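Have a look at the structure below before the remarks.
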Amino acid sequence: MEWLCETPLFFVCIGIMMLHALVEGANLEAWEKIYDHWELARPEVGLRKECKSDPCSPSCGNIDKYGNGHGVKCTDNYITIIALFTSSFTNRINGSIPAELGELKALTKLNLSGNKLTGSIPAELGKLKALTWLGLSNNQLTGSIPAELGELKALTYLSMNNNQLTGSIPAELGELKALSSAFNLKNNQLKI
């Protein structure tokens with residue numbers, strides 16, 4: 001990119017750099033709203049206060065190269081993994097799932113299983129085109145499954161079992177051809 005900035009295409013280079021900064025800014029702005037929405041600085045959640053303004057800090061996540069672990073992970077200053085789950089069902093996070101998650105376009109893994117989340121699943125999650133892993137099991141989610149989740153064509157893992165979801169399973173989920181690891185909707189109140 002440096003050589004481009006030394007050519008007559010200087011203004012194109014500046015425009016690309018400004019667009020890149022805007023995308024990063026939107027990523028951070030959405031994250032700050034999510035952070036505040038869930039009050040993630042609480043000790044039981046385990047994220048430091050600094051993680052609000054710098055989610056890409058190494059202290060904000062203990063996630064290995066395979067995406068396993070807890071916290072937040074970034075790639076090139078974009079949030080790619082949010083793993084705020086608990087296998088001990090200690091209900092670390094409560095409240096609803098914020099629609100702002102749909103603004104984190106580089107997100108590949110979202111694991112919120114084993115919390116105390118309530119309310120409906122936001123349709124905005126359908127905007128996460130890079131998402132390959134979605135874990136929302138073992139919460140208290142209600143309402144129907146948004147048809148927009150059928151837009152997640154890269155999804156290989158989908159788990160929403162052990163909630164209180166109602167309605168029919170959207171036909172659009174049948175378009176998720178990449179699903180190979182898991183598709184679990186059991187222990188809900190869904191119509192089959």
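The values are calculated or read from the model by the stated rules, or taken from the named source; none is laboratory data. It should be emphasised that the depicted structure is a prediction, and the values quoted were computed from it without experimental measurement. Please note: Cβ atoms are built from the backbone with ideal geometry, for glycine as well, and neighbour counts cover all protein chains shown. Surface accessibility is based on the protein's heavy atoms, side chains included, excluding ligands, DNA and RNA. Shrake-Rupley method; radii C 1.70, N 1.55, O 1.52, S 1.80 Å.
With respect to PRO98, determine if the residue is out of contact with any Leu (no Cβ under 9 Å at 6 or more places or on another chain), within 21 Å of SER144 (Cα to Cα), at pLDDT 95 or above and not basic (Lys, Arg). Spell out how you get there, then give the answer.
Working: out of contact with any Leu (no Cβ under 9 Å at 6 or more places or on another chain): yes; within 21 Å of SER144 (Cα to Cα): yes; at pLDDT 95 or above: yes; not basic (Lys, Arg): yes.
The answer is yes for PRO98.
Cβ-Cβ under 6 Å, sequence separation 6+ or interchain: first residue in segment 90-113 and farther than 19 Å from ASP76 by Cα and in contact (Cβ under 8 Å) with a residue 24 or more places away in the chain, partner open to solvent by 40 Å² or more (accessible area, probe 1.4 Å) and in a loop (DSSP other than H, G, I, E, B). Which pairs?
Sorted first by the residue in segment 90-113, then by its partner, the pairs are ARG92/GLU44; ASN111/PHE85; SER113/PHE85; SER113/ASN138.
Search segment 143-154 for residues that are farther than 17 Å from LEU101 by Cα and part of a strand (DSSP E or B) and pair each with any residue that is hydroxyl-bearing (Ser, Thr, Tyr) and open to solvent by 10 Å² or more (accessible area, probe 1.4 Å) when their beta-carbon atoms are under 7 Å apart and the residues are at least 6 apart or on different chains.
Listed pairs, sorted by first residue: GLY143/SER120; GLY143/THR166.
So which residues in segment 122-154 are within 12 Å of the chain's Cα centre (by Cα) and open to solvent by 10 Å² or more (accessible area, probe 1.4 Å)?
PRO122, GLU124, LYS127, LYS129, ALA130, THR132, TRP133
Of all residues in segment 48-89, count the ones that are small (Gly, Ala, Ser), free of Cβ contacts under 8 Å to residues at least 12 places away in the same chain and open to solvent by 30 Å² or more (accessible area, probe 1.4 Å). Can you show your working first?
We begin by selecting, within segment 48-89, every residue small (Gly, Ala, Ser); these are 53, 57, 59, 61, 67, 69, 71, 83, 87-88.
Those left that are additionally free of Cβ contacts under 8 Å to residues at least 12 places away in the same chain: 57, 59.
Still in the list and also open to solvent by 30 Å² or more (accessible area, probe 1.4 Å): 59.
Qualifying residue count for the region: 1.
Right, CYS13: at pLDDT below 85, surrounded by 13 or more Cβ atoms within 10 Å (Cβ to Cβ), in contact with a helix residue (DSSP H, G or I) (Cβ under 8 Å, 6 or more places away or on another chain) and hydrophobic (A, V, I, L, M, F, W, C) or not? Break it down into steps so the answer makes sense when it comes.
Working: at pLDDT below 85: yes; surrounded by 13 or more Cβ atoms within 10 Å (Cβ to Cβ): yes; in contact with a helix residue (DSSP H, G or I) (Cβ under 8 Å, 6 or more places away or on another chain): yes; hydrophobic (A, V, I, L, M, F, W, C): yes.
Judged against the criteria, CYS13 is a match.
Return the residues of segment 96-106 that are in contact with a Lys or Arg (Cβ under 8 Å, 6 or more places away or on another chain) and either open to solvent by less than 30 Å² (accessible area, probe 1.4 Å) or among the acidic types (Asp, Glu) (or both); say none if nothing qualifies.
Keep residues of segment 96-106 that are in contact with a Lys or Arg (Cβ under 8 Å, 6 or more places away or on another chain), which gives 98, 100, 102-103, 105.
Hits for segment 96-106 are PRO98, GLU100, GLY102, GLU103.
Would it be correct to say that ASN162 is surrounded by 18 or more Cβ atoms within 10 Å (Cβ to Cβ), closer than 15 Å to ASN184 by Cα and either polar (S, T, N, Q) or under 12 Å from the mean Cα position of the chain (by Cα) (or both)?
Working: surrounded by 18 or more Cβ atoms within 10 Å (Cβ to Cβ): yes; closer than 15 Å to ASN184 by Cα: yes; either polar (S, T, N, Q) or under 12 Å from the mean Cα position of the chain (by Cα) (or both): yes.
Yes: the conditions hold for ASN162.
Considering only segment 167-191, state which residues are in contact with a strand residue (DSSP E or B) (Cβ under 6 Å, 6 or more places away or on another chain) and either open to solvent by 90 Å² or more (accessible area, probe 1.4 Å) or in a helix (DSSP H, G or I) (or both).
Across segment 167-191, the qualifying residues are PHE183, GLN189, LYS191.
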